[in-house]
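As structure tokens, the structure follows; a few thoughts come after it.
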Amino acid sequence: MKAIIELREVHKAFGDNQVLKGVSLAIEEGETFVLLGRSGSGKTVLLKLIEGLMQPDAGEVLLDGQDLGTATGKALRELRGLLGIQFQSGALFDSMSVFDNVAFPLRERKLLPSREAIEERVHQTLTLVGLASAAHKLPGELSGGMRTRLAFARAYGVRPKILLCDDPTAGLDPLLTEAIDEALLVGKKELAATILLVTNSLPSAFQLGDRLGLLHEGRLVEVGAPAQFKQSPHPAVQAFLHDWLERRAEH
């Protein structure tokens, strides 16, 4: 299998804050890769580099074998067309209804042949994340958890070749977390999508991930299958797992 997402010695700093310090990673087509790390470790920055919203200070970011840093015009639009993106902030259109937020990229990219086909896709997607009854509402009328689900639905609705998810289950209860995880499993199995998932939920990570990686102090300190990751002797990995177990015990 070829790498559909590839980072080669990527560096990124903001002033004196060196966020990424030579990160290299290859994610194969159809793989689900889960990115873990503490708050501020650079996970969202890494996603924004893959999305093309930021440029690395050094190194290369490739999608489907093409360097995002050199792609322009039609080639860049085609590369970005491979992506479905769920932003951590939501990045929702507050003046559009829930329905129209999900429909917007389908209309914009002309991905379906008719208005009826778009309506059916939007209804299926909203039902999957438990928002069908809120289709007429505006994002401002939704709870934080509902906004998170809407952001995921908009990314998932285009049935992308690559799905980038920035903590899609943040703030959700176990049942809704399970619904999002199920949607990701559908994306993996039925759509053959490549998924890069940032999450703070270790159960989701171990259930969904083909491989897991831990960002720590600007570097990927461990990458491996779930069983290998759990047994990693790296102190940062063991501290991360231990801290998560302690937080769960407190709740």
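Working carefully through the options 127, 72, find the one that is within 19 Å of residue 53 (Cβ to Cβ) and either open to solvent by 50 Å² or more (accessible area, probe 1.4 Å) or acidic (Asp, Glu) (or both).
Every option except 72 fails the conditions.
Tell me, yes or no, whether the range 107-125 has at least one residue that is closer than 24 Å to residue 47 by Cβ, in contact with a helix residue (DSSP H, G or I) (Cβ under 6 Å, 6 or more places away or on another chain) and either part of a loop (DSSP other than H, G, I, E, B) or small (Gly, Ala, Ser) (or both).
no
Cβ-Cβ under 6 Å, sequence separation 6+ or interchain: first residue in the range 222-249 and in a strand (DSSP E or B), partner open to solvent by less than 100 Å² (accessible area, probe 1.4 Å) and aliphatic (A, V, I, L, M). Which pairs?
Listed by first residue and then by second, the contacts come to 222/214; 222/237.
Can you tell me which residue among 30, 52 is touching a residue at least 40 places away in the same chain (Cβ under 8 Å), closer than 23 Å to residue 184 by Cβ and open to solvent by less than 60 Å² (accessible area, probe 1.4 Å)?
Matching residue, one of 30, 52: 30.
I'm trying to understand the selection: among the residues of the range 20-32, which are outside any loop (DSSP other than H, G, I, E, B), closer than 26 Å to residue 206 by Cβ and of a type outside the set (S, T, N, Q)?
Scanning the range 20-32 gives 20, 23, 25, 26, 27, 28.
Among the residues of the range 33-49 satisfying the criterion of being without any contact (Cβ under 8 Å) to a residue 60 or more places away in the chain and either touching a helix residue (DSSP H, G or I) at 6+ places or on another chain (Cβ under 9 Å) or within 19 Å of residue 201 (Cβ to Cβ) (or both), which is surrounded by the fewest Cβ atoms within 10 Å (Cβ to Cβ)? Spell out how you get there, then give the answer.
Kept after step one, since they are without any contact (Cβ under 8 Å) to a residue 60 or more places away in the chain, are these residues of the range 33-49: 39-40, 45, 48-49.
If we keep only those that are either touching a helix residue (DSSP H, G or I) at 6+ places or on another chain (Cβ under 9 Å) or within 19 Å of residue 201 (Cβ to Cβ) (or both) too, we end up with 39-40.
Details: 39: 7, 40: 11.
Checking each candidate, the answer is 39.
Could you tell me whether residue 170 is open to solvent by 40 Å² or more (accessible area, probe 1.4 Å) and in contact with a helix residue (DSSP H, G or I) (Cβ under 7 Å, 6 or more places away or on another chain)?
Values: open to solvent by 40 Å² or more (accessible area, probe 1.4 Å): yes; in contact with a helix residue (DSSP H, G or I) (Cβ under 7 Å, 6 or more places away or on another chain): yes.
The answer is yes for residue 170.
Restricting to the range 135-156, give me the number of residues that are outside any helix (DSSP H, G or I) and under 14 Å from residue 93 (Cα atoms).
Initially, the range 135-156 is screened for residues outside any helix (DSSP H, G or I), giving 135-138, 142-143.
Filter again for under 14 Å from residue 93 (Cα atoms), leaving 135-138, 142.
Count: 5.
Taking the condition of being farther than 19 Å from residue 193 by Cβ, under 20 Å from the mean Cα position of the chain (by Cα) and open to solvent by 50 Å² or more (accessible area, probe 1.4 Å), how many residues in the range 55-69 meet it?
Of the residues in that region, 2 qualify.
Report every pair of residues separated by at least 6 positions or lying on different chains whose Cβ atoms are under 6 Å apart, first residue within the range 171-185 and of a type outside the set (D, E, K, R), second part of a helix (DSSP H, G or I) and open to solvent by 30 Å² or more (accessible area, probe 1.4 Å).
Pairs that qualify, where the first residue is of a type outside the set (D, E, K, R) and the partner is part of a helix (DSSP H, G or I) and open to solvent by 30 Å² or more (accessible area, probe 1.4 Å), are 171/144; 183/128.
Starting from the range 1-14, keep only residues that are within 18 Å of residue 41 (Cβ to Cβ) and modelled with pLDDT of 95 or more, then list their pairs with residues that are β-branched (Val, Ile, Thr) and open to solvent by 10 Å² or more (accessible area, probe 1.4 Å) whose Cβ atoms are within a distance under 8 Å, requiring at least 6 positions of separation or different chains.
Partner pairs satisfying both residue conditions: 12/19; 12/45; 13/19.
The values are calculated or read from the model by the stated rules, or taken from the named source; none is laboratory data. None of these values were measured; they are calculated from a predicted model. Virtual Cβ from ideal backbone geometry, glycine too; neighbours counted across all protein chains shown. What goes into the accessible areas is simple: the full protein's heavy atoms, side chains included, and nothing from ligands, DNA or RNA. Shrake-Rupley method; radii C 1.70, N 1.55, O 1.52, S 1.80 Å.
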